[in-house]
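The values are calculated or read from the model by the stated rules, or taken from the named source; none is laboratory data. Computed from a predicted structure; not experimentally measured. For neighbour counting, all protein chains shown are included, and Cβ atoms are generated from backbone atoms with ideal geometry for every residue, glycine included.
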Amino acid sequence: MRQLFVCTFALLSAAVTTLAADYHFGADISGMTPGATYKDHGVEKPALQVFRDNGYNWVRYRLWHTPTRGAQNLDYVIARAKEAKKLGFKFLLNYHYSDTWPTRWASRFRRPGRHGRR
């Protein structure tokens, strides 16, 4: 009986370890300033390193079609993706085909009380 318990415990431990390794824990860091630093327990580190040290394994960047604000153009995203890959992150890219909502959709996304009645 004891051997059965030990074998069962070993199998469950291996399964939990495998599941934890496959768990996706990430952040959308599209707007993060390149070279930004954060303090982690009082120690200043590159922001991506802080995310990595705290268990994050995915990063998401947004690539805009023709960005007018911010820098999420192709060169920016490629550079940031290379930084993330060096630290072992997996990478999710969201490509935005348009940088604005089409005018005909504007009325569907009004906030109540702000641009008229709802």
>> Consider the range 51-73. How many of its residues are surrounded by fewer than 17 Cβ atoms within 10 Å (Cβ to Cβ), touching a Lys or Arg at 6+ places or on another chain (Cβ under 8 Å) and not in a strand (DSSP E or B)?
In response: 2
>> Need the failing condition index for TYR76 against (1) loosely packed, with under 11 Cβ neighbours inside 10 Å; (2) at pLDDT 85 or above; (3) part of a helix (DSSP H, G or I); (4) not hydrophobic (A, V, I, L, M, F, W, C), just the number.
In response: (1)
> How about the range 20-59: which of its residues are closer than 25 Å to GLN72 by Cα and among the aromatic types (Phe, Trp, Tyr)?
Replying inline: PHE25, TYR38, PHE51, TYR56, TRP58
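So that you can scan it fast, the table gives a plain yes or no per residue for (1) at pLDDT 90 or above; (2) surrounded by 12 or more Cβ atoms within 10 Å (Cβ to Cβ); (3) in contact with a Pro (Cβ under 9 Å, 6 or more places away or on another chain); (4) not charged (D, E, K, R):
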site	(1), (2), (3), (4)
PHE9	no, no, no, yes
ALA20	no, no, no, yes
TYR23	no, no, no, yes
GLY35	no, no, yes, yes
VAL43	yes, no, no, yes
GLN49	yes, yes, no, yes
>> Quick check on my filter: what residues within the range 24-45 are within 16 Å of the chain's Cα centre (by Cα) and either outside any loop (DSSP other than H, G, I, E, B) or among the polar types (S, T, N, Q) (or both)?
In response: GLY26, ALA27, ASP28, SER30, THR33
> If you go through the range 84-91 one residue at a time, do you hit one that is at pLDDT below 90 and surrounded by fewer than 10 Cβ atoms within 10 Å (Cβ to Cβ)?
Replying inline: no
> Based on what the data block shows, is ARG52 basic (Lys, Arg) and out of contact with any Leu (no Cβ under 6 Å at 6 or more places or on another chain)?
Replying inline: no
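For (1) in contact with a strand residue (DSSP E or B) (Cβ under 6 Å, 6 or more places away or on another chain); (2) closer than 20 Å to PHE25 by Cα; (3) of a type outside the set (Ser, Thr, Tyr), each residue gets a yes or a no:
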| residue | (1), (2), (3) |
| --- | --- |
| GLN49 | no, yes, yes |
| ARG60 | yes, yes, yes |
| TRP64 | yes, no, yes |
| THR68 | no, no, no |
| ASN73 | no, no, yes |
| LYS82 | no, yes, yes |
| PHE89 | yes, yes, yes |
| LEU92 | yes, yes, yes |
